[in-house]
Amino acid sequence: MDTCERYDLEGDVVVIGGSGAAVSAALAAAEVGAKVILLSKGKVGRSGNAIISTANISMDGESAYRMGEKRADRRITPKKIFEGIVTNSFFLSEQYHAAAFAENCGRAVKDFIETGRRIGERFIFIPPSGWITSGRAIGRINRYRLRSTESVTFLEDVMVTDILTVRNRAAGVLGVELKSGRLILAKARAVIVASGGFQPFSFKCTSSDTTGDGLAMALRAGAGLSDMEFQLFLPGVLVQPLNHRGSIFPFLWYVGGFATPDILDEKGRRIIDSYERSILEKSLASKWFKLIHAYYWARAQGPLYFDFGSVKRMKYLVSVVRENILLKLMTGERWRYQGEDFRDLHEMVKRGERWKVSMSSEYSMGGILVERNMETSVEGLFACGEAASGFFGAFRGERALTEVLIEGEIAGREAARFAMGSSFAEPGREWLAERINMIAVGKGKEAQMPDYFEMSAELERLADYGFGALRREETMREALDGVRKVREALDMAAYRGVKPGYDTLFIERVRVENLAICLEAGLLSALKRRESRGMHMRSDYEEVDNENFLYRSVVSLREDGRIELSRKKPDCSVIEPPSGREAGIIDYIRRYP
Amino acid sequence: MKVYLFRWNPRTEEKPRYDTYDMDLNSYLGRREATLLELLGLIARYYDHSLSFLNHSNCNRGVCKRCMVRLNGKVVLACNEVVSEGMEIRVEPVNATRVVRDLVTEGL
Ligand SMILES: Cc1cc2nc3c(=O)[nH]c(=O)nc-3n(C[C@H](O)[C@H](O)[C@H](O)COP(=O)(O)OP(=O)(O)OC[C@H]3O[C@@H](n4cnc5c(N)ncnc54)[C@H](O)[C@@H]3O)c2cc1C
Ligand code: FES
């Protein structure tokens, strides 16, 4: 029989992930003296959302000024950043997390940029206190950072599937090396989840690693998930032409201040006409940009179009030149953004054609519930980066690429300290053998396996239907019922053990199981939140209701496999949250410009 | 459209073969075009769950380069390449001497 081998490793700290959060955590843990093992589903620096991000990164004005940026606005103080995060979060951010971000962003980003520049990467200063580079550069810098130390052992193309625990204490992880099918057992005293967010919708601008693996694993291991109802929608993702489907090029064009197109709906109406004037004028330069546009885009019917019909030809051409200067500065190449050549889009404009665009979820505000030191309720289990929650609440008002550096550093340091001061928790032999069997041998008869691909498509359909940018009771409820059916079917379902060599079906099964958990958690949290707040927008409850909903939704897994919802008050020890109600999202934004 | 697809599991099969698929893109997608990466996903979903192509960590933006295959002999990125109804295509791994399985190779 064609069966898989097994490879055992042992370290103080295991890190799950291979992008910004994971690398920062691994380095910080190694610095404290821990023996670190990093396991990444993709290649380090060539996986995750970091490599396809817009790659904006920022800090406080004074730190930027000290880096020699004379145009830096020194009025952007850490205090201001702190207040921004809290108000942007609709007061759901844990204020101690927001404070950690504000205090550390200057140093963390400076180190990152300096490392990048040492290896020849480009960072273009964008006032008031940020830089833009390319996702590719972010990836290369992370890879370089990891390789610059010898105290981290790393394996790539390893999909971690389980976090091992012994009496509510992390003991290591199990995973599969995807090209060989080899089982990986990594025992450790502490585990850090840094595997990114989740994206359950059919239309994507995210990497295919974004299946919420770490969130689902942590939940199964006994940790809580929080803020799962909040997904960050990015307005301006290409639907057509097909070769660029999922690209954020239109978004970059729009925020870059190039020739402004009319944004039209299917009937040719300018959707800007539906915007409230005072809000529209402020939107471009504000941290509210994505929320303001998502608010109106979600209310427009059908797909939208970027139309350049009313833009003077000369103005458009000048914009193309300016855009190429920016691209050249950012990446060293003209015409190309990320890995694609966009000359065809300009040709379309010349022919009078439009770009078909939509919104797509870029980031999960929700994730694993952590304490101040990034530890979960499971002893020795930590989380950081997009996989964790608590920094940004209902709407992310600061850069995630900065976030992952700061959280990674805290999680790595704290996990290493924990590990160095404790002994191994040894999993029971039989229990471990059973877990390994579930991956290697499977369950039930292979002939009775359900169609995992079909289930995966069903989950996307349900997410589109009930979990999109504008929500209401009935569709959320139907979607939740649907997801629960999928999860029940999964519980009963047969599956076969992983096969040596690249096993597509195995990957699909794990994806379905993890996304189903995240989606159920998201829908349940959303359904119970009978108000609008940040990126959770409801047509049946437009008000921002601080009287009843100023809490974080927390989900945990019951013994019987059901997901259970509870509430947590966020830390509000510095800024007092508002009371009463706000008529809607836009009114809230007006109050906190 | 017609797809000739390289298939090989070097652990259990002596030599590669080509499977042929006659597909009507429109019936699956409601459009007559697909990216090559989408097409491979359709084949895995509707025809053969055992088809291996790299899909666990794809950027879909031409950045990671992990979706690289040969299309009619030419090396392309499957996520950026559009195929359409009426075409006849041959899809093979970039390097047939380093096949892990089907289109997945060492070194990708
Ligand atoms: C289109 C787009 C634009 C963006 N623009 C910006 C921007 O301009 N500025 C900004 O600050 N942020 C931006 N973001 C957000 C930012 O890119 C992410 O939030 C950030 O990269 C998250 O970092 P991370 O390390 O937590 O996860 P990721 O970068 O997503 O990496 C996740 C890592 O975990 C690995 N992994 C996943 N599952 C497993 C598993 N089971 N086992 C082992 N490893 C696993 C993956 O292979 C990958 O290496 C953007 C995101 C998108 C999608
Ligand atoms: S999937 Fe990354 S280059 Fe094609």
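The values are calculated or read from the model by the stated rules, or taken from the named source; none is laboratory data. All of these numbers come straight from a predicted model, not from anything done at the bench. So basically every Cβ, Gly included, is an ideal-geometry build from the backbone, and we count neighbours across all protein chains shown. Remember, those area values only see protein heavy atoms, side chains included, never the ligands or the DNA or RNA. Shrake-Rupley method; radii C 1.70, N 1.55, O 1.52, S 1.80 Å.
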The stretch A:451-535, relative contact order [Cα under 8 Å, separation at least 6], %: 42 percent
Let's see if you can work this out: charge +1 on each Lys and Arg Cβ, -1 on each Asp and Glu Cβ, no other charges. What is the dipole magnitude of the protein assembly as shown about its Cα centre, in debye to the nearest 20? 1940 debye
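From other protein chains only, count the Cβ atoms within 10 Å of every residue's Cβ in A:200-213, then give the mean.
Counting other chains' Cβ atoms within 10 Å and averaging over A:200-213 gives 2.
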Can you give me the angle between helix A:289-299 and the longest principal axis of chain A, using Cα atoms only, in degrees from 0 to 90, rounded to the nearest 10? 90 degrees
Given R₀ = 51 Å, what would the calculated FRET efficiency be for residue A:579 paired with residue B:72, taking r from the Cβ atoms and rounding to 0.05? 0.20
Kirkwood hydrodynamic radius (Cα pairs, Å) of the stretch A:232-361? 15.1 Å
Chain B, relative contact order [Cα under 8 Å, separation at least 6], %: 33 percent
Set the bar at 32 Å for Cα to Cα. Now go through A:287/A:312; A:204/B:2; A:204/A:350; A:43/B:74; A:328/B:2; A:43/A:79 and name every pair that lies beyond it. A:328/B:2; A:43/A:79
Report, in degrees rounded to the nearest 10, the 0 to 90 angle that the Cα long axis of helix A:452-466 makes with the longest principal axis of chain A. 40 degrees
May I ask for the angle, rounded to the nearest 10°, between helix B:36-46 and the longest principal axis of chain B, with both axes built from Cα atoms and the value confined to 0 to 90°? 90 degrees
Given A:80/A:282; A:70/A:110; A:110/A:290; A:443/A:485, the pairs whose alpha carbons are separated by over 21 Å: A:110/A:290
Residues of the stretch A:441-478 buried by at least 40 Å² on assembly (accessible area, 1.4 Å probe, chain alone as reference): A:453
At a Cα cut-off below 18 Å, give the lysines reachable from residue A:569, other chains included and same-chain residues fewer than 8 away excluded. A:528
Average projection area in nm² (convex hull over Cα atoms of the stretch A:394-453, one quarter of hull surface): 8.9 nm²
Just want the answer: with Cβ charges of +1 for Lys and Arg and -1 for Asp and Glu, which residue in A:88, A:325, A:289 is farthest toward the dipole's positive end in chain A? A:325
Using only the Cα atoms, what convex hull volume per residue in Å³ does the stretch A:93-217 have? 191 Å³
Going by average Cβ density within 10 Å per residue, which order do the peptides A:307-315, A:127-135, A:521-529, B:77-85 take, highest to lowest? A:521-529, A:127-135, B:77-85, A:307-315
Applying a 10 Å radius around every beta-carbon, put A:174-186, A:450-462, A:376-388 in order of their mean neighbour count, most first. A:376-388, A:174-186, A:450-462
Largest first, how would A:74, A:435, A:538 line up by accessible area (1.4 Å probe)? A:74, A:435, A:538
Taking a ≥ b ≥ c as the square roots of the eigenvalues of the Cα gyration tensor, with a/c under 1.5 meaning rounded and otherwise prolate when a/b exceeds b/c and oblate if not, chain A is rounded
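Among rounded, prolate and oblate, which fits chain B when a ≥ b ≥ c are the square roots of the eigenvalues of its C-alpha gyration tensor, a/c under 1.5 means rounded, and a/b larger than b/c means prolate?
Note, shape of chain B comes out oblate.
Quick one: work out Rg over Rh on the C-alpha atoms of the stretch A:361-489, Rh as Kirkwood radius.
With Rg and the Kirkwood Rh in hand, the quotient comes to 1.06.
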So if I restrict to the alpha-carbon atoms in the stretch A:442-590, what is the Rg, and what is Dmax, the biggest pairwise distance, in Å? 19.0, 59
Take every Cα pair under 8 Å in the stretch A:442-590 that's 6+ residues apart, average their separations, divide by the length, and report that relative contact order as a whole percent. 24 percent
Residue-level accessible surface for residue A:152, protein heavy atoms, 1.4 Å, Å²: 10 Å²
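Where both partners of a DSSP beta bridge lie in chain A, what percent of those bridges are antiparallel, to the nearest 5?
The antiparallel proportion sits near 70 percent.
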May I ask which residue of A:108, A:257, A:271 lies farthest towards the positive end of the charge dipole of the protein assembly as shown, with charges of +1 (Lys, Arg) and -1 (Asp, Glu) on Cβ and the Cα centre as origin? A:257
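Please give the FRET efficiency for residue A:277 paired with residue A:56, using the beta carbon to beta carbon distance and R0 = 30 Å, rounded to the nearest 0.05. Mind showing how you got there, number by number?
Numbers: r = 27 Å, r/R0 = 0.90.
Taking R0 as 30 Å, the efficiency between residue A:277 and residue A:56 is 0.65.
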Could you work out, residue by residue across A:13-20, how many beta carbons of other chains sit within 10 Å of that residue's beta carbon, and then give the average as an integer? 0
Here the whole-number average of other chain Cβ atoms within 10 Å per Cβ of B:62-69 is 6
If you average the C-alpha positions of the stretch A:300-325 and of the stretch B:21-43 separately, how far apart do those two centres end up, in angstrom? 31 Å
Order A:365-371, A:259-265 from most to least packed using the mean count of other Cβ atoms within 10 Å. A:365-371, A:259-265
